[in-house]
Structures are given as structure tokens and as C-alpha cells.
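Undergrad: For reference, the structure I am asking about is given below.
Bear in mind these aren't lab numbers, they're just calculated from the coordinates by the rules spelled out. Everything quoted here is computed from the prediction, not taken from an experiment. When we count neighbours, we look across all protein chains shown, and the Cβ atoms used for this are built from the backbone with ideal geometry, even at glycine.
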Amino acid sequence: MKRILLASVFAVAGFGTASAADLTVGFSQIGSESGWRAAETSVSKIEAEKRGIAFKIADAQQKQENQIKAIRGFIAQGVDAIFIAPVVATGWDTVLAEAKEADIPVILLDRTIETADDSLYLTAVTSDTVHEGKVAGEWLAKTVADKDCKVLELQGTVGSSPAINRKKGFEEGIASASNIKIVRSQTGDFTRSKGKEVMEGFLKAENGGKDICALYAHNDDMAVGAIQAIKEAGLKPGKDILVVSVDAVPDIFKAMADGEANATVELTPNMAGPAFDALKEFKDSGKAPPKWIQTESKLFTQADDPMKVYEEKKGLGY
Ligand code: AHR
């Protein structure tokens, strides 16, 4: 009787709720296509450890079918929540309905999905990826002013929310500058090697790149690959061809310090921290977080002491 009384006193005082340390969270991660992705994985582990959360990561190696399998595995194990970085935007309704049926909250990390039923996930922790593209486009418009500017675009993974939105945002950012034209646009799948390969093809098809004024890459890794291709074509990246991209990984700061890249829009790799906090509050109080927890997007240019930022970032898991 005494024990029951004590237990109810603790419950009223809020001690009876699950502590973060009691939680097990499964994370269906896309893979390791970029430096940013590697950092997101390591930062997520650190954030879980800080809170004493048991954290299981399944690497989908870029395949949606592997993500769906992993999610079903997490449901079968009865985890307390599932985090998903969705490789593409569509095709999630069935498996998310299974998680909902099992009463397991789902949180989307860094990418969004297209669904008519937003009750299928608790919240999405992402940046505004349209805004990122817009910031990059506006930076270019301001930098080239009235000069005619032919742009090459390296897109991210086909069908992924950042590829769709960063393209849209960039087009919005240059919409009022009729002197800027995207002359070629193709996917480089967010990887350094594909970025280089596609850039080589672009340069060959565009008179060796002599008439090109800028490269817009949907992530820094593709930009770094493309910078190599520009150099091999005998041109100076950052001068003959301006380079603007997204992520703010250490290597792009090194390239900026060397004058070979011009601007990047930062995407924080810490998506899991805010997700764990929202989950904990939801489990403790039943209070649902906002449907979108937005992370910041900051523009960095060569004027921002890139070597200093490189030194600060290089040990952070990228
Ligand atoms: O979803 C975020 C994007 O995925 C990053 O910008 C890119 O580097 C990663 O692969």
C-alpha cells in the first residue's frame, strides 16, 4: 500500500513519466552520400548518448525499399519512436500507416514527404530547403549584377525534397534577373564523384566552360567534385566560374579559403537533438510539437573567414 501511494505521489509530481533514458529510437538513415550526411549520423549518435537514449541506426544505402524494410523491423521490435530521413518524397503512406497503427510516433529528419495525411508523422525537423535555394540564387544575382550569366546546375537525388525545393528556390532567387540563365541542369545524386562526372560532361558540352559564369550545386560535395572538374578543364573555379552550393561542410570552407568556391548556405547536421527533445516532451506530457521544427539557413561567403570556420567544423563528424 505504502509503495502504491509513493508511486502515485511521484506520478503526480511528474516523476512517473518515461525519462529519455527509457526510450529506444530507431533511425532509418539514407546512407552516406555526402559529408553532411556522415555528420548527421555522428551528431545523432552523440545527441542520443547525451540523453541516454538507446539509438538504433539502419543504413538504407540510398534505397527506399531498404528504408521501408528497416521501418517494418523497428515496428516489429516495438521501439518507442522512429526517425526517418526519407530518401525520396513520395511512397511513404503505407508503411507510416503501419507505424501509426502500432502507436509508434514517426519524426522526419532533414527531408520532407508528400502525403495527404500529415497525421502519419509527429513532426518534421528540417530546414526550409526552398529558402536555401533562394538565398543561393539571390547571392548570385547580387554578385553578378547586370552581367550576363550562364549557370550550370547540379541537382540532388531525383525525387528528394531538397532537390525539388532547392531547384525551385534558386529559380525564385534569380527570377527578377533576366541576365541569369540556367543552361544545363542534371542530377549528381548529392555525391562528390557524380558531381565531378556530370560537371565534366557539362563543360565538354559548353565550349569547355569558357562561356559559363556560375555553378549552382544542391550540395557542397557535388560542388567540390565539380571544382576538380573545372580545374582539370584548365579554368579557375571561384573566378572564371563562380561556385555556390548548400550544406557548409568543412571542405567547402577550405575551397573558399583557397578562392575556389564563393558561397554556401549552411544546413545544420543536428536534426536529431530537436527531434529527441520534441519526442521527450510528447512522451512526458502528450503535447504534440509543431508539425514543422525549422532549422536555420545561414549564408557564408569568402568574407566570413572561411579558414576559421573550417578549423571549427573539421572535428565535428563531417
Ligand atoms: O537532405 C539533406 C541533404 O542530403 C544534404 O544537403 C545533402 O548533402 C545530403 O545528401
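Undergrad: 5 Å is the cut-off here: which amide hydrogens, built 1.01 Å from N in the peptide plane, fall below it relative to Glu266, excluding neighbours closer than 5 in sequence?
TA: Amide H to amide H, under 5 Å and 5 or more residues apart or across chains, Glu266 pairs with Asp247, Lys298, Leu299, Phe300.
Undergrad: Under a point spin-label approximation (7 Å from Cα along Cα-to-Cβ), what is the Ala76-Ile57 distance to one decimal in nm?
TA: The answer from the label model is 2.3 nm.
Undergrad: Further question: Would you order Ser297, Ser44, Ser193 from fewest to most other beta-carbon atoms within 10 Å of each residue's own beta-carbon?
TA: In increasing order of surrounding Cβ atoms, one gets Ser193, Ser297, Ser44.
Undergrad: Non-local amide H neighbours of Leu242 (under 5 Å, H modeled in plane, Pro and chain starts lacking H): which ones?
TA: Ala214, Leu215
Undergrad: Full extension from Lys308 to Glu171: what is 0.36 nm times the residue separation minus their Cα-Cα distance, to one decimal in nm?
TA: Details: separation 137, 0.36 × 137 = 49.32 nm, distance 3.13 nm.
Contour length minus Cα-Cα distance gives 46.2 nm.
Undergrad: Could you calculate the contour length gain from Glu206 to Ala116, that is, 0.36 nm times the residue separation minus the distance between their Cα atoms, to one decimal place in nm?
TA: Values: separation 90, 0.36 × 90 = 32.40 nm, distance 4.19 nm.
Result for the pair: 28.2 nm of gain on full extension.
Undergrad: Sticking with this structure for a sec: Mind listing the phi-derived Karplus ³J(HN,Hα) values for the range 214-227, rounded to whole Hz, using 6.51, -1.76 and 1.60 with θ = phi - 60°, and x for any glycine or proline?
TA: So the J values, rounded to whole Hz, are 7, 10, 10, 10, 6, 8, 5, 4, 5, 4, 5, x, 5, 4.
Undergrad: In nm, to one decimal, how far is the Glu281 label point from the Leu316 one, both placed 7 Å along Cα→Cβ?
TA: Distance between the two pseudo-spin positions: 2.3 nm.
Undergrad: Which entries of Lys56/Lys280; Lys150/Lys231; Lys167/Lys194; Lys142/Lys196; Lys196/Lys236 show an alpha-carbon separation above 24 angstrom in the structure shown?
TA: Details: Lys56/Lys280 17 Å; Lys150/Lys231 18 Å; Lys167/Lys194 18 Å; Lys142/Lys196 27 Å; Lys196/Lys236 15 Å.
Pairs exceeding the cut-off: Lys142/Lys196.
Undergrad: Among Arg184, Arg166, Arg37, determine the one that fluctuates most according to a GNM of the chain built with springs between C-alpha atoms less than 10 Å apart.
TA: Comparing Arg184, Arg166, Arg37 in a Gaussian network model of the chain, the most mobile one is Arg184.
Undergrad: Something else: Near the amide H of Thr295, under 5 Å away, which other amide H atoms are found, from residues 5 or more places off or on another chain, if H is placed in the peptide plane?
TA: Thr126, Ser127, Asp128
Undergrad: Looking at the range 220-282, which trypsin sites (Lys or Arg not before Pro) are in a loop (DSSP not H, G, I, E or B) and have at most 14 other Cβ atoms within 10 Å? Walk me through the intermediate numbers first.
TA: Details: sites: Lys231, Lys239, Lys254, Lys280; in loops: Lys239.
Listed in order of number, the matching sites are Lys239.
Undergrad: Would you mind telling me the antiparallel percentage of the DSSP bridges in the chain, rounded to 5?
TA: Expressed as a percentage, antiparallel bridges in the chain total about 5.
Undergrad: Starting with the fewest neighbours, write out His131, His218 ranked by other beta-carbon atoms found within 10 Å of each beta-carbon.
TA: Values: His131 17, His218 32.
The most exposed by this proxy come first: His131, His218.
Undergrad: What order do you get for 74-85, 199-210 when each peptide is scored by the mean count of other beta carbon atoms within 10 Å, highest first? Don't jump to the answer; show the numbers that get you there.
TA: Numbers: 74-85: 20.6, 199-210: 17.1.
Packing proxy ranking, top to bottom: 74-85, 199-210.
Undergrad: Please list 3J(HN,Hα) in residue order for the range 155-165, calculated via the Karplus relation 6.51 cos²θ - 1.76 cosθ + 1.60 where θ = phi - 60°; whole Hz, with x for glycine and proline.
TA: For the range 155-165, the Karplus-derived couplings read 8, x, 4, 4, x, 8, 4, x, 5, 5, 6 Hz, x marking Gly and Pro.
Undergrad: Below 8 Å between Cα atoms, with a sequence gap of 6+, how large is the relative contact order for the chain in percent?
TA: Details: 662 pairs, mean separation 56.6, N = 318.
It rounds to 18 percent for the chain.
Undergrad: Provide the per-residue ³J(HN,Hα) series for the range 231-236, in order, calculated from phi with Karplus coefficients 6.51, -1.76, 1.60 and θ = phi - 60°, each as a whole number of Hz, with x at glycine and proline positions.
TA: 5, 5, 7, x, 10, 9
Undergrad: Quick one: which of 241-250, 149-158 comes out on top by average Cβ neighbours within 10 Å, and what's the full order, highest first? Walk me through the numbers on the way to the answer.
TA: On the way: 241-250: 26.1, 149-158: 22.4.
Going from most to least packed, we get 241-250, 149-158.
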